[in-house]
Amino acid sequence: MGQTKAGAIKVNANKLGISVEEYNQKVESGLKNCFRCKQWLSLDLFRSDKSRYDEKNPSCTKCRNAYCRSRHKSIPKELRKPLGPPPSPCRDGDKRQARARVNHRIKAGKLPHPNSLACVDCNHFGSDKRHEYDHYKGYAGIHHLEVECVCTSCHGKREKQRHDSQQATE
Ligand SMILES: [Zn+2]
Ligand SMILES: [Zn+2]
């Protein structure tokens, strides 16, 4: 399949602008012309490639590595796969997961720290009371990131209210 050895040599010699004799002399002295840097280099600077007529890769290892690196670099950041496993799906009713998700977003800077916001219920602002994110829509998977910032006292009131209304419907 493909080119014959003689044919390949002729093509290569032509490309380099030398005669087949010259080309053969180089090859006989243990050299190979790199397809990329066009230099005559020792055969052991080429990786083996069984599909080639001389069982060697057409470019030297140095050029090959540089080429692979340049190709690697050209992949834009947004197209690269994210590292690590994909985030697990939001599980309905999983309080711990919902809270962990919110905490993770605070740490990642995607949500402001609750203490830097005013309480949506009483408008309290300041470091004398702790603020928390309340999952005001509940812990269904689709509401895991729907939170409101409230102070601990208002959060407590909200939780009592939710508890009472749940008892009333039961
Ligand atoms: Zn090279
Ligand atoms: Zn409050």
The residue from Ser74, Ser88, Ser70 that alone is modelled with pLDDT under 90, of a type in the set (S, T, N, Q) and under 30 Å from Gly138 (Cα atoms) is Ser88
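Restricting the search to the range 1-48, which residues are part of a loop (DSSP other than H, G, I, E, B) and over 42 Å from the mean Cα position of the chain (by Cα)?
At the first step, the residues of the range 1-48 found to be part of a loop (DSSP other than H, G, I, E, B) are 1-4, 17-19, 29-30, 34-39, 46-47.
Within the range 1-48, Thr4, Gly17, Ile18, Ser19, Ser29, Gly30 qualify.
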All-but-one check, Ile142 against (1) open to solvent by less than 50 Å² (accessible area, probe 1.4 Å); (2) assigned to a helix (DSSP H, G or I), failing number (1)
Restricted to the range 25-72 and to residues being of a type in the set (Asp, Glu) and out of contact with any Lys or Arg (no Cβ under 8 Å at 6 or more places or on another chain), the residue nearest to Lys10 (Cα to Cα) is Glu28
Of the residues in the range 20-75, those that are within 12 Å of ligand 1 (Cβ to nearest atom), surrounded by 15 or more Cβ atoms within 10 Å (Cβ to Cβ) and among the hydroxyl-bearing types (Ser, Thr, Tyr) come to Ser59
Among (1) open to solvent by 60 Å² or more (accessible area, probe 1.4 Å); (2) part of a loop (DSSP other than H, G, I, E, B); (3) without any contact (Cβ under 8 Å) to a residue 40 or more places away in the chain, Asp92 falls short only on (3)
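Matching residues to (1) touching a residue at least 12 places away in the same chain (Cβ under 8 Å); (2) basic (Lys, Arg); (3) in contact with a strand residue (DSSP E or B) (Cβ under 6 Å, 6 or more places away or on another chain):
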| residue | (1), (2), (3) |
| --- | --- |
| Ala6 | no, no, no |
| Asn14 | no, no, no |
| Ser19 | no, no, no |
| Asn33 | yes, no, yes |
| Cys37 | yes, no, no |
| Trp40 | yes, no, yes |
| Asp44 | no, no, no |
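Out of all the residues in the range 152-160, is one or more in a helix (DSSP H, G or I), open to solvent by less than 30 Å² (accessible area, probe 1.4 Å) and modelled with pLDDT of 95 or more?
Start the filter on the range 152-160 by keeping residues that are in a helix (DSSP H, G or I), which leaves 152-160.
Cutting the leftovers down to open to solvent by less than 30 Å² (accessible area, probe 1.4 Å) gives us 154-155.
Filter once more, so that each one left must be modelled with pLDDT of 95 or more: 154-155.
Looking for residues that are in a helix (DSSP H, G or I), open to solvent by less than 30 Å² (accessible area, probe 1.4 Å) and modelled with pLDDT of 95 or more, one finds at least one in the range 152-160, hence yes.
The values are calculated or read from the model by the stated rules, or taken from the named source; none is laboratory data. The shown structure was predicted, so the numbers you read here are calculated from the model rather than taken from an experiment. Neighbour counts are summed over all protein chains in view; Cβ atoms, including those assigned to glycine, are modelled from backbone coordinates with ideal geometry. Quick note on the areas: whole protein, heavy atoms, side chains included, nothing else; ligands and nucleic acids left out. Shrake-Rupley method; radii C 1.70, N 1.55, O 1.52, S 1.80 Å.
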